[in-house]
Each structure stands twice: as C-alpha cells, then as structure tokens.
Amino acid sequence: MHEVVLAVTSPKGEALAFQRTAAQLALAAGEKVSLAGVEVRSEAGGLRAFAEGKEITSQQSFWFAWSQFKPRTQVWRR
C-alpha cells in the first residue's frame, strides 16, 4: 500500500497509523479521529496527534515503510 499515514507511537508504546486522506476527510466532516487514546486534529493545514490533551510526536510516512519497522501497528479505520 503506497498510502501516506500519520504514524504515531502512543504514550503506552503502541504503534498507530492514521491514513492521511481519510483522516482529513473525516475531520472536515466534523468526525472525531482517534485510536487507542490518541486523537488526530487538523491544524495549520496538516495533521497533529494528541494524547491526554498534549501534542505527541508524529510523522508522515508511507505505510509500507512504517509497517516494516512496526509490523504490529494498529490502523485507524473510518
């Protein structure tokens, strides 16, 4: 899959991935985008990840690359 994802490691150490285009569409429609206690928000034209109200480190990556390093990644589905 050559999808771009917002890749996150949660504060509990869980690897998470949010498909960028689907997350942007969901947020534009007023839907909440969250998985395993991590919420994704649209800010300044990009996506940012938050846990417990604080911004956490995230990165944009191709799914195929991220999944090679984090094969047990949980994937957010709309």
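Quick note: the coordinates plus some simple rules give every number you see, no bench work behind them. These numbers come from a predicted model, not from an experiment. All Cβ positions, glycine included, derive from the backbone under ideal geometry; neighbour counts span all protein chains shown.
Structure notes:
- Taking only the Cα atoms of region 4-75, the radius of gyration and Dmax are 11.3, 32 Å.
- Three-way shape call for region 34-78 based on the alpha-carbon gyration tensor, with the a/c threshold at 1.5: prolate
- Under Karplus coefficients 6.51, -1.76 and 1.60, residue-wise ³J(HN,Hα) of region 9-26 in Hz, glycine/proline x: 10, 5, x, 8, x, 7, 7, 10, 9, 10, 5, 4, 5, 5, 5, 4, 5, 4
- GNM remark for the chain: springs join alpha carbons under 10 Å apart, and the peak mean-square fluctuation among Gln24, Gln60, Gln68 falls on Gln68.
- Dipole axis of region 30-75 (+1 Lys, Arg; -1 Asp, Glu on Cβ), positive-most option in Ser61, Ala44, Val33: Ser61
- Compared with the alpha-carbon gap, the fully stretched path from Arg48 to Ala36 is longer by 2.8 nm at 0.36 nm per residue.
- Cβ-based net charge around Ala23, under 14 Å, with every Lys or Arg adding one and every Asp or Glu removing one: +2
- Normalised by the number of residues in region 4-75, the mean separation of alpha-carbon contacts (under 8 Å, six or more apart) gives a relative contact order of 38 percent.
- Mean residue ellipticity (222 nm) of the chain, computed from DSSP H runs ≥ 4 via -39,500 (n - 2.57), nearest 500: -5500 deg cm²/dmol
- Backbone geometry of region 51-58 corresponds, through the Karplus equation with coefficients 6.51, -1.76 and 1.60 at θ = phi - 60°, to 3J(HN,Hα) couplings of 9, 6, x, 10, 5, 10, 5, 9 Hz, x marking Gly and Pro.
- Using a Gaussian network model of the chain in which every pair of alpha carbons under 10 angstrom is joined by a spring, one finds that among Phe18, Phe64, Phe50 the greatest mean-square fluctuation is at Phe64.
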